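Structure record follows, encoded as structure tokens.
The values are calculated or read from the model by the stated rules, or taken from the named source; none is laboratory data. Only a predicted model underlies this, so the values are computations on that prediction, with no experimental measurement involved. Don't worry about glycine lacking a Cβ; one is built from the backbone with ideal geometry, like all the others, and counts go over all protein chains shown.
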Amino acid sequence: MIQLADVSYAYPDSGRFVLEHVDLRIEPGTITGVVGASGAGKTTLAKILSGFIPHVDGGQLSGSVVIGGRDLSGLPLAACVSQVGLVIQNPFNQISGARYTVRGELAFGMENLGTPRDEMASRVAEVAGLLRITDLLDRSPYELSGGQQQLVAIASMLVLRTPVLVMDEPTSQLDPVGTRMVFGVLSRLRGAGTTIVVFEHKPELLHAHADRLHVLAGRRIAASGSPGEILSDPRTDQWGVSATRYTRAARLAREQGLVPAEAPLPVSFEQAAAFFGWSARTRPPSPEDAR
Amino acid sequence: MSIAIEFVDLHFRYPGGVEAVRGVSLTVSAGERVAIVGENGAGKTTLVRHLNGILRPTSGTVLVGGASTRDRSIAQLAAQVGYIFQNPDEQLFASTIGADVEFGPRNLGCTPSEAAARAASALATVQLQDQAGLHPHHLSPSERKRVALAGVLAMQTPVVVLDEPTTGQDARGVEIVAGVVDSIAAQGRTVVAITHDMDFCAEHFDRVVVMADGLVQADGDTRAVFDQVGTLERAAVEPPQLLRLAAHLGWHARPLTPAEFVDASTREPRDLGTRVD
Amino acid sequence: MTRAQFVGTGSPVHRLNPVTKLVALLSILVIVFALPQWWVSAIVVVGVLLPAAVIARCGGPLIAVGGRILLPIVVVLVLVQGLTFPGGRTMVWQWGVLSVTAEGLLFALNVGARIVCLVLASVLLVLTTHPGDLMSALTEAGMSPKFSYIISSTLQLIPAFRSRADAILLAQQARGLAVPRNPLRRIGVMMPLLGPLVLGMFTDVEERGTAMEARGFGSTARRTALEAIPDSTAQRVARWVMPLVAVAAVVVPLVWEVL
Amino acid sequence: MSDQAPLDTRRSRNRLLVAAGAVIVVATYAYLVVAQPAGMADSGTTRAGLIAMAGYVIGAVLIAAGSIHQLPTTTIAMIPVAIAVNIVVGQLVAVLGLPVYLDSIGTVLVSVLAGPAAGVVTGILANVIWGLTLNPIPLPFAVVQVVIAVLAGTAARIGVFRRVYLPPVAGLVTGVAAAVVSAPISAFVFGGATGGGTGAIVGAFQAMGQSLLASTTLQGLLSDPLDKLITFTVVGILLAALPSRFLQRFPFAREHRVVTTAPLAPPPSPSE
């Protein structure tokens, strides 16, 4: 379990807080999405969750960050990174370049931690199969496309098998097919007990895969709830969170009085099909239809 | 202020030997809003990079305002074609946002006061007027992308080319970029955009060009192109959400915006809404 | 030229342990600098380097690359020292005010032979050794993994940075930046070009540091390696014998002089 | 290594390596220049080449080894990027046809932001990279980079980069030092011929009656000070234009107030 209690943070010498009084509770073996406008502090929160703040970036951190019963500020960085794997936003910078092939790049983290040779080879093969990059293993990571590099960057953390994974926009360079595949892999990892925190803003995928969403706005957690609740909330625009076109159309229909005001708004394609299918037959959808 | 652009049987082969554009002929009239869609490697960026001379045709011709781009340098074409690159960090350099936005107009020969006025108005268009005195890197990446957009808008070119303008933008950023596209077109200027965001594309462009394998696969009115399901699938393009939903519900209408969708929902035959299980 | 030009022919020279080759290179350098007569270098080039290049099937690239580096140096060396060597007394050839001295030519021959040896030996090592293998082998031999990371990472980053520099140049030209003809006025276009490159560097540096820590680079655990480095008893012996020969090349002449 | 004792031993071992390297470099220079072994300049068959090469290379290796161990991972991660900037800027400047090299901007930036030790490693490994990319000529000159990095770092520490007009002065001084230190290598290893243009200049000085070492020193003094002056000036301008947020990330720059004397922002207190 991950628990943030009253966390505030200011970067060194900056004179202002980027996060204030953040409380967050994340259950083990779940996928948690964190959404919010660009510049709302998502990358900062990702670094707090993985111990890089305050261990590397310094600055002023108050409150407590407890992961698996231990306070991160009391642990050395090496212990933090063995608990929490961080996938940073830009895959180009996640790739170390210390090795000349994707295979070597994937093994690099394990080499640093002293993983035995046979074990390294089998973990590389397993993760590469999972993310469908087996045919890239002997290529140079720098001659790959942005999307392929992003898959390599994700794989380079998955091989370390940390109990917690924090991912900062892990699908920013992927096409829809790649994005769905990555979320599929995350769902499998959750099934195996990994706790995943993903900073992402693709509403359809969050709705399909996340167990819970938190909204970061105005330097704090502005709302928490199920993906359905958060993504159909009337405040999405104000939070800088994008709603699906289904939700927007349904909201418009509700504003025009075409459906009852209490009807829950759809987020996904399936829900929207049900919503507008029913509305077209003039029977208002019941709350169960949209869930 | 309004000029047309034309590609005539354009071929382009990279020095490595890959032929990225394999015979494209396309005319864009002044004031059109054209979106070019297709998966990575389809040749979209290669095509539009011919508009301001970054790439030169292997064969074929590119006409901007009726004249070939052949004998004009990138800097000369810059007065006619504004090109907004994907990555703002490859162009922002000045110590204030305002100064950076003035860079383009100054290069085009504007007086300092004119450049400042243009910069102010461009920054207002992207809603960053209050940040003009800050360093570009005080902003979030999504805001920096809007600074780069303003830097090209301030050059007031008759043609504006946008490469993936909504990538990395949050909800509000997408809305602002959409507003920019609409306002450029309203002034009779031409907008050509490459985009992966089909919903954005459906709501703000008159015309869609689908590319795959260096060729144009479909070209025409937005609604008509997004209805060519087979072609889109071959080009690995997913139709916009609402259009897909309307088709799934068996509607005749092909709505592009939430308003059109809701409007259509009241007019569609009611018994057709039962295909849902 | 900033890309490592490894030519992978899979020859016996390629398959040697990279440390063996590096020790050989260093021993050769010590020998030719300790015995500074031109014929020592000539023997090393003809007797060791060229045969090794033939075995490695890298003769062509070695001559091409080595020639490109050496030709200007050797030409300048012979001309400049032949004509202007301070210790020159014995005139061999005179034309107007120009005079070539025997001492100057001998100096050029002695120095030039060593440079040829230095360049050819280094280039041969680079041609026959993948930089990654060299770094892995040196790390295994006790070099700090930090060196290995910096070298390998830099070699791979350079092409990416070069395309970034190209992209910056294009982006600024698309904003109307024209490069002036006057070289001094060109200094004015430096900031729009260097600015984004250096600013980008800061973002990269921060993210790369984080990513490296996240992958345990700061770990104090005993590191392991994915790939095994080939080695043999013969090579282990050679790695002792070659430096001994080099030391002898330094010590023997000294003792000779003293006696 | 969580306990204190090994950390201390390692720290003193690192200092010892750096000190030994520095002593060897200085001794080499002193022997070659001050002691001027008899007959050294008269033929190519003295051991001056061996001494110059061995002294400088062993010195550079010791200094690099002693310096790299002091650096935290975040600083190490910075070095490849800085070397790439060195090389790419050098090439950009060449493409633009500017009359300078500017191939040590990255090294100077690292020295200023992360301290001389980081700069030393950057500079030395930049020359190793050149060696690995098929031009071994710069390799014996690695120790010159040590001088540049140490002087740049020291300049930053004493506040040179807080004023616009001081970096050019520091650059000039650094350029003179670099020229002086590199001269014995040019003379005794390469016979004055490290390249076409520079070789011709060395020849011109020799024709005027200068010794080989004096000629290579004078040749260096013609180009290095101007180049380093421009390099330091450019770095000064870049630093002045940087948002403070970037500089706060570097403990050395923060601790020594490298760029500004402005007071630190007071730590904020949470609202409510």
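Working carefully through the options C:G188, C:G200, find the one that is under 31 Å from the mean Cα position of the chain (by Cα) and either buried (at least 21 other Cβ atoms within 10 Å of the Cβ) or modelled with pLDDT under 90 (or both).
Numbers: C:G188 fails: under 31 Å from the mean Cα position of the chain (by Cα).
Residue meeting the stated conditions: C:G200.
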Checklist line | Unmet criterion (only one of (1) more than 10 Å from chain A (Cβ to nearest Cβ); (2) within 30 Å of B:R13 (Cα to Cα)) for B:G188 | finding: (2)
Margin query: Looking at (1) within 10 Å of chain B (Cβ to nearest Cβ); (2) among the acidic types (D, E); (3) part of a loop (DSSP other than H, G, I, E, B), which one does C:D231 not meet, given that it meets all the others?
Written below: (1)
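Quick one: which of A:A10, A:A78 is assigned by TED's automatic domain parsing to the domain that holds A:S226 and in contact with a Lys or Arg (Cβ under 9 Å, 6 or more places away or on another chain)? Write out each step before concluding.
Values: A:A78 fails: in contact with a Lys or Arg (Cβ under 9 Å, 6 or more places away or on another chain).
Going through A:A10, A:A78 in turn, the sole match is A:A10.
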Margin query: Could you list, ordered by first residue, the pairs with Cβ atoms under 7 Å in which the first is in region C:126-146 and among the acidic types (D, E) and the second is surrounded by fewer than 19 Cβ atoms within 10 Å (Cβ to Cβ), at least 6 apart or interchain?
Written below: C:E140/C:A225; C:E140/C:I229
Check: Would region B:258-277 turn up any residue that is surrounded by 18 or more Cβ atoms within 10 Å (Cβ to Cβ), closer than 30 Å to A:R254 by Cβ, touching a residue at least 24 places away in the same chain (Cβ under 8 Å) and within 19 Å of the chain's Cα centre (by Cα)?
Finding: no
Note to self: Please go through region B:57-74 and give me each residue that is buried (at least 16 other Cβ atoms within 10 Å of the Cβ) and at the interface with chain C (Cβ under 8 Å from one of its Cβ atoms), ordered by number.
What the structure shows: B:I74
Next item on the list: Of all residues in region A:143-172, count the ones that are in a helix (DSSP H, G or I), facing another protein chain (nearest Cβ under 9 Å) and at pLDDT 95 or above.
Entry: 3
Margin query: Kindly evaluate B:A117 against the criterion of being surrounded by fewer than 23 Cβ atoms within 10 Å (Cβ to Cβ) and under 13 Å from the mean Cα position of the chain (by Cα).
Written below: no
Next item on the list: Collect the residues in region C:137-153 that are out of contact with any Leu (no Cβ under 9 Å at 6 or more places or on another chain) and either part of a helix (DSSP H, G or I) or within 14 Å of chain A (Cβ to nearest Cβ) (or both), keeping them in residue-number order.
Entry: C:T139, C:E140, C:M143, C:S144, C:P145, C:Y149, C:S152, C:S153
Item checked: Residue count for region B:183-197, restricted to those that are surrounded by fewer than 22 Cβ atoms within 10 Å (Cβ to Cβ), touching a residue at least 24 places away in the same chain (Cβ under 8 Å) and in a helix (DSSP H, G or I) -> 2
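Looking at region A:63-128, what helices (runs of 4 or more DSSP H) fall wholly within it and have at least 3 residues that are within 7 Å of chain C (Cβ to nearest Cβ) and farther than 30 Å from A:V7 by Cβ? Before the answer, list the steps.
On the way: elements: A:77-83, A:91-94, A:102-113.
Answer list for region A:63-128: A:102-113.
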Check: Which condition breaks for C:R57 when tested against (1) within 12 Å of another protein chain (Cβ to nearest Cβ); (2) of a type outside the set (V, I, T); (3) not in a helix (DSSP H, G or I)?
Finding: (1)
Note to self: So A:G184 ticks every box in (1) touching a strand residue (DSSP E or B) at 6+ places or on another chain (Cβ under 9 Å); (2) at pLDDT 95 or above but one. Which box is left unticked?
What the structure shows: (1)
Check: Which one is surrounded by the fewest Cβ atoms within 10 Å (Cβ to Cβ) among residues in region C:24-41 that are under 20 Å from the mean Cα position of the chain (by Cα) and more than 8 Å from chain D (Cβ to nearest Cβ)?
Finding: C:L26
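In region C:70-99, how many are buried (at least 22 other Cβ atoms within 10 Å of the Cβ) and either more than 9 Å from every other protein chain (Cβ to nearest Cβ) or out of contact with any Asp or Glu (no Cβ under 8 Å at 6 or more places or on another chain) (or both)? Give the steps one after another, and end with the answer.
The first filter runs over region C:70-99 and keeps only residues buried (at least 22 other Cβ atoms within 10 Å of the Cβ), leaving C:73, C:76-77, C:80-82, C:84-85, C:88.
Now drop any that are not either more than 9 Å from every other protein chain (Cβ to nearest Cβ) or out of contact with any Asp or Glu (no Cβ under 8 Å at 6 or more places or on another chain) (or both), which leaves C:73, C:76-77, C:80-82, C:84, C:88.
Count: 8.
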Note to self: Quick check on my filter: what residues within region B:168-193 are under 14 Å from B:L149 (Cα atoms) and among the hydroxyl-bearing types (S, T, Y)?
What the structure shows: B:S183
Next item on the list: Count, please, the residues in region B:7-33 that happen to be charged (D, E, K, R), surrounded by 15 or more Cβ atoms within 10 Å (Cβ to Cβ) and free of Cβ contacts under 8 Å to residues at least 60 places away in the same chain.
Entry: 1
Checklist line | Number of the condition not met by A:A40 [criteria: (1) assigned to a loop (DSSP other than H, G, I, E, B); (2) in contact with a strand residue (DSSP E or B) (Cβ under 6 Å, 6 or more places away or on another chain); (3) away from chain B (no Cβ under 14 Å)] | finding: (3)
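Does A:S224 fit the bill of being of a type in the set (S, T, Y), surrounded by fewer than 18 Cβ atoms within 10 Å (Cβ to Cβ) and modelled with pLDDT of 90 or more?
Working: of a type in the set (S, T, Y): yes; surrounded by fewer than 18 Cβ atoms within 10 Å (Cβ to Cβ): yes; modelled with pLDDT of 90 or more: yes.
In short, yes.
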Item checked: Where C:E207 falls short, out of the listed (1) crowded, with 21+ Cβ neighbours inside 10 Å; (2) over 19 Å from D:P99 (Cα atoms) -> (1)
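Per-residue answers, yes or no, for (1) among the hydroxyl-bearing types (S, T, Y); (2) surrounded by fewer than 21 Cβ atoms within 10 Å (Cβ to Cβ); (3) in a loop (DSSP other than H, G, I, E, B):
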| position | (1), (2), (3) |
| --- | --- |
| B:A35 | no, no, no |
| B:G41 | no, yes, yes |
| B:L47 | no, no, no |
| B:L55 | no, no, yes |
| B:Q76 | no, yes, no |
| B:Y83 | yes, no, no |
| B:V101 | no, no, no |
Item checked: Conditions (1) assigned to a helix (DSSP H, G or I); (2) without any contact (Cβ under 8 Å) to a residue 40 or more places away in the chain; (3) of a type in the set (D, E, K, R): number failed by C:K21 -> (2)
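Out of the helices (runs of 4 or more DSSP H) lying entirely within region A:176-253, which hold 3 or more residues that are more than 28 Å from A:S82 (Cβ to Cβ) and either more than 11 Å from chain B (Cβ to nearest Cβ) or within 12 Å of the chain's Cα centre (by Cα) (or both)? Show your work before the answer.
Values: elements: A:176-191, A:203-209, A:227-231, A:236-239.
Fully inside region A:176-253 and qualifying: A:203-209, A:227-231.
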Item checked: Filter result (facing another protein chain (nearest Cβ under 7 Å), in contact with a strand residue (DSSP E or B) (Cβ under 7 Å, 6 or more places away or on another chain) and of a type in the set (G, A, S)) within region A:5-19 -> A:S8, A:A10
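Yes/no per residue for (1) outside any loop (DSSP other than H, G, I, E, B); (2) within 12 Å of chain A (Cβ to nearest Cβ); (3) within 27 Å of B:G43 (Cα to Cα):
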site	(1), (2), (3)
B:R144	yes, yes, yes
B:A148	yes, no, yes
B:V160	yes, no, yes
B:T166	no, yes, yes
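Within region C:185-194, is there a residue that is facing chain B (nearest Cβ under 9 Å) and charged (D, E, K, R)?
Keep residues of region C:185-194 that are facing chain B (nearest Cβ under 9 Å), which gives C:191-194.
Retained after the next criterion (residues that are charged (D, E, K, R)): none.
Within region C:185-194 (the criterion being facing chain B (nearest Cβ under 9 Å) and charged (D, E, K, R)), the answer is no, since none of the residues qualifies.
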Next item on the list: Give me the pairs, please: first residue somewhere in region D:8-34 and in contact (Cβ under 8 Å) with a residue 24 or more places away in the chain and on the phi < 0 side of the Ramachandran plot, second residue anywhere and part of a helix (DSSP H, G or I) and hydroxyl-bearing (S, T, Y), beta-carbon distance under 8 Å, and either six or more positions apart or on two chains.
Entry: D:N14/D:S67; D:V18/D:S67; D:V25/D:Y56; D:T28/D:Y56
